[in-house]
Amino acid sequence: PIPKVFSHSERKKEDALKMGAKHFITTDGDFAKGHAMSLDLIVCTASNASLPLNELISCLVPQGKFVWNGMPETDWPALRSQTMAGNGAFIGSSHIGSKAEIMRMLQLAADKNIKPWITKRPMKEAAQSIEDVETGAARYRTILIQDIDQ
């Protein structure tokens with residue numbers, strides 16, 4: 001499979017290519033036509049629900065899967081039944097952080113020598129870290145370091 005990254009802007013393009021994506025597609029205009037029925041799996045990590053769900057689902061091959069790992073606090077975008085009828089797509093979500101999943105993820109990371117992209121900040125900057133997550137400025141995990149002795 002050829003890894004593709006979809007994003008609403010070009011802001012993360014360079015990072016996506018460094019992580020191994022072969023194609024970077026912005027979800028503006030008529031992006032889905034060039035990718036119709038070309039993906040067997042979409043893992044969506046968006047934490048907001050303002051994404052073109054119908055267009056993304058139309059990019060799945062028959063019996064393809066759309067897994068939403070993000071946790072939007074609003075309702076999902078409207079989804080037309082006709083969108084899924086064409087390819088019989090499946091939509092689901094995943095558990096976030098069960099112990100068994102974390103252990104499998106950590107083992108996979110160790111086996112494949114995957115290194116995280118993190119930003120470390122002192123605990124006193126927690127408010128800024130939250131704001132960065134909300135505005136999309138966080139890259140890609142922020143770790144707060146205890147600084148009560150300082």
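Miscellaneous remarks
- For the chain, the equivalent ellipsoid built from the Cα gyration tensor has semi-axes of 31, 18, 16 Å, listed from largest to smallest.
- A crude spin-label estimate for the pair Val67 and Thr45, with each label 7 Å from Cα along the Cβ direction, gives 1.3 nm.
- Net lengthening on full extension, Lys112/Asp147 (0.36 nm per residue, minus Cα-Cα): 9.3 nm
- Two-site FRET efficiency, Thr74 against Ile2, from Cβ-Cβ distance with R₀ of 25 Å, rounded to 0.05: 0.20
- The protection proxy used here, the mean number of other Cβ atoms lying within 10 Å of each residue, ranks peptides 50-56, 31-37, 105-111 as follows, highest first: 50-56, 31-37, 105-111.
- Separation of alpha-carbon centers, the range 101-118 and the range 55-88, rounded to whole Å: 27
- Length gained when the stretch Ala85-Arg139 is fully extended (0.36 nm per residue, less Cα-Cα span): 15.8 nm
- Carbon/sulfur fraction of accessible area - the chain, other protein chains in place, 1.4 Å, %: 56
- Computed extension gain for Asn54 through Ala126, at 0.36 nm per residue and net of the alpha carbon distance, reaches 22.4 nm.
- Whole-number accessible area per residue in Å² for the chain, which is evaluated in the context of all protein chains at 1.4 Å: 71
- Working note: Cα gyration tensor of the range 1-56, eigenvalues times five, square-rooted, sorted largest first, giving semi-axes of 16, 14, 11 Å.
- Pairs of Lys residues in the chain that lie 8 or more places apart, or on two chains, and have C-alpha atoms under 14 angstrom apart add up to 7.
- Scaling the Cα radius of gyration of the range 96-150 by the globular reference 2.2 N^0.38 Å produces a ratio of 1.39.
The values are calculated or read from the model by the stated rules, or taken from the named source; none is laboratory data. What you see is a predicted model; the values in this text were computed from it and never measured. All Cβ positions, glycine included, derive from the backbone under ideal geometry; neighbour counts span all protein chains shown. Only protein heavy atoms, including side chains, enter the accessible area calculation; ligands, DNA and RNA are left aside. Shrake-Rupley method; radii C 1.70, N 1.55, O 1.52, S 1.80 Å.
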